[in-house]
Structure formats: structure tokens, C-alpha cells
1. Somewhere in the range 168-187, is a residue closer than 30 Å to residue 237 by Cα and touching a Pro at 6+ places or on another chain (Cβ under 9 Å)?
2. Scan 288, 270, 326 and give me the residue that is modelled with pLDDT of 90 or more and among the aromatic types (Phe, Trp, Tyr).
3. Just to be sure I understand, how many residues within the range 232-265 are within 21 Å of residue 192 (Cα to Cα) and in a helix (DSSP H, G or I)?
4. Sort out which residues of the range 131-172 are more than 24 Å from the chain's Cα centre (by Cα), of a type in the set (Val, Ile, Thr), within 19 Å of residue 108 (Cβ to Cβ) and in a helix (DSSP H, G or I), and write them in order of number.
5. Within the range 308-328, restricting attention to residues that are among the basic types (Lys, Arg) and in contact with a helix residue (DSSP H, G or I) (Cβ under 7 Å, 6 or more places away or on another chain), which residue is farthest from residue 276 (Cα to Cα)?
6. Given the structure, is residue 175 under 20 Å from residue 84 (Cα atoms), in a helix (DSSP H, G or I) and either in the same structural domain as residue 54 (by the TED database) or open to solvent by 20 Å² or more (accessible area, probe 1.4 Å) (or both)?
Amino acid sequence: MINFSIDKKTLKIVSLLSSLFILILILLTLFFKNTELNKINKISKTITTINSSLKFDENDANINFKNTNELLNKNLNLLTELDNGLNNLNFKKSTSNELKNNLKDYLKTNIDLYNSIISIINNKNNKYFQVLYENLIKNQQNFLKETDTLSKSNIKISLSKNLKTFFSDLNKFLNKSYKSVRENDILNEQKRDFFIQVNDLLNRFSELKDDVKPALEKIREDKRDLSVVMCDINEKYSNFNKIKDSSLSISIPVGADDCYEALKETISAYDSYINSFKKSVQDEMNLYENSKSNFNNVDDLYVDSFDKYNYFLSNLDNLQKSILSYKY
């Protein structure tokens, strides 16, 4: 009779080899079973690595973002290549295709975020800043939300510490810039309103600045009553009072003090002139009424008035120059 007995040492070796074989078989089965998922996760890990490289260069973060912009464009190209590579993957399992589509949507959100960052840091026109800023915030929120959602599935995706720091630094800088842009918008709006109001007063002054000396001489030549001049003075005075009232409601923006002072001096100069001219006409009318008119010296009654008229014109010219100086 044949003896098939096996010594204990040999049995131990056989048992160990069998266990090792079973383990290898299980691992191989799991590996081939998860090959599709491994391909997806290889891309997801690469996405995380790419995003982790984002940072601000300390030398240009507050100047022109040159180095940061170059890094963003480099990463954007890498993400686009990954998107193309993901398109070329074909899976048999429906679950794998679902994960692939989820990762593809995530990549699109990631790319949109990069484009919005690049757009706002390259923007040179303040009037577009708010729209670009709102678009960036929307894309950033979508990206963070989708990262959280995707990380809860079988896809290995995460936000690195570097990326969180980048977002924090970017938001701080843009919040500061946004505040500055809003302040500039408010200042520009105040400046625009100021120009509209001051130019309106300037135009109304232009209707009051005509030289009355030729009209006076013509009235005397025709021997007409000076009351027609008084009517004209009263009308001008009424219009001038409206100018004064309007000037009191003007909001003075930063930097417009000199311009507003020129306006006040112009108002003061016209006030002095129109009152002096009215008195001069009244004095001349009194001469006629008292039959004491002396046509050789009647013009002497208007010396002060015409001096003040010229002073008013000088102030009006200075106001125009001040407006142009402030505008540009």
C-alpha cells in the first residue's frame, strides 16, 4: 500500500502558496474589474495636481499678474488636453460612463473658472469689472460645489491647500479692486452730474453776458425812454437769481473745489455788475427827469458798472477754463 503522507513542513508550504495564489487571483480580479475606474481616477488626480500648482507670484500679484497669468494659461491648456483625452475613453460599464460624464462636466466647470480668472485679471476697463467679477464668483461657487459632489462618488478629487490659498488671495485682491472700482464709479457719476449742472449754469450765464453799451447808445441816439433797459435788467436779474438758486444744490465731487470756487466768484461778479448797472441806469433816468442831463459826462455814470462787467467776463472765462481743467 502506497503511503501519501506529507510532512508538516511541506504542508505548510503548500498551504502558503495556495493562499498566495488565491490572494493574487483576487487582486487581479479586482484590478481588471476596476480598470475603467482607475482610468477615470488617473485623470481626476491629474486635475487635482494641476489645480494645486496655482499660486500668486509675490512680485506681481498686486501689479499686473504676469506670472500668474502665464501659469493659468499653461494649466488651462493642460485641462483642455485632459478633456480631449477623456473624450477618447470608451467604457463598457454604464456606471463608468456615468462617472466619465460627471468628470467631463467637472472639467468644463474647471475650465470655465480658469477663463473667468484670466478675463478679470487681464481686464483694463473698469466698466466691465463688475460683470467679470460676478461671473468669476458664479464659476467659483459652481466649481466648489461640484468638487464636493464629485468627491462623494468613486472619483478621487479634492481641493488642495494651495488651491484654497489661491482662491483666498484672489478674492481678497478682487474685493479690494471691486471696492476701488465702485468708489471710482461713484466719483465718476458725481463728476458727470457736476459737469451737467455747471455747464447748464455756464450756458445760462452766456445769455446774460451781452454788452449793453451799444444798446444804451442806440437808445440815447433815438431819444427813447430808458425804461426799456430797466425791463431788460429786471428780466436778467430774475434769470440770474435762478442761477444762484441752482448753484446752491450742486454736489461738489472730490477735486472740484477750484471749479466750484470759480463758479461762486462768477456769480458774485455778476451780482455786483447787475446791481451797479441798474443803479447807473436809474441815475441817468433821474438826470432826465430833473432836466439836468449833461451828455458830455453821462457815461461817467457807467464807469464802475462797465469795470464790473469786464471783471465778470474775466471770471466767466476763468470758470470755463476751470471746468476744462477739471474735466481733463
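The values are calculated or read from the model by the stated rules, or taken from the named source; none is laboratory data. None of these values were measured; they are calculated from a predicted model. Heads up, the Cβs are rebuilt from the backbone with ideal geometry, glycines too, and the neighbour counts pull from every protein chain shown. Just the protein is used for accessible areas: all its heavy atoms, side chains included, with ligands, DNA and RNA removed. Shrake-Rupley method; radii C 1.70, N 1.55, O 1.52, S 1.80 Å.
1. As a first pass, look at the range 168-187 and keep what is closer than 30 Å to residue 237 by Cα: none.
Scanning the range 168-187, I find no residue that is closer than 30 Å to residue 237 by Cα and touching a Pro at 6+ places or on another chain (Cβ under 9 Å), so the answer is no.
2. Values: 288 fails: modelled with pLDDT of 90 or more; 326 fails: modelled with pLDDT of 90 or more.
Sole residue among the options that is modelled with pLDDT of 90 or more and among the aromatic types (Phe, Trp, Tyr): 270.
3. 13
4. Scanning the range 131-172 gives 147, 149.
5. We begin by selecting, within the range 308-328, every residue among the basic types (Lys, Arg); these are 308, 321, 327.
Now narrow it down to the ones that are in contact with a helix residue (DSSP H, G or I) (Cβ under 7 Å, 6 or more places away or on another chain): 308, 327.
Numbers: 308: 8, 327: 34 Å.
Top of the filtered list is 327.
6. Working: under 20 Å from residue 84 (Cα atoms): no; in a helix (DSSP H, G or I): yes; either in the same structural domain as residue 54 (by the TED database) or open to solvent by 20 Å² or more (accessible area, probe 1.4 Å) (or both): yes.
It is false that residue 175 is under 20 Å from residue 84 (Cα atoms), in a helix (DSSP H, G or I) and either in the same structural domain as residue 54 (by the TED database) or open to solvent by 20 Å² or more (accessible area, probe 1.4 Å) (or both).
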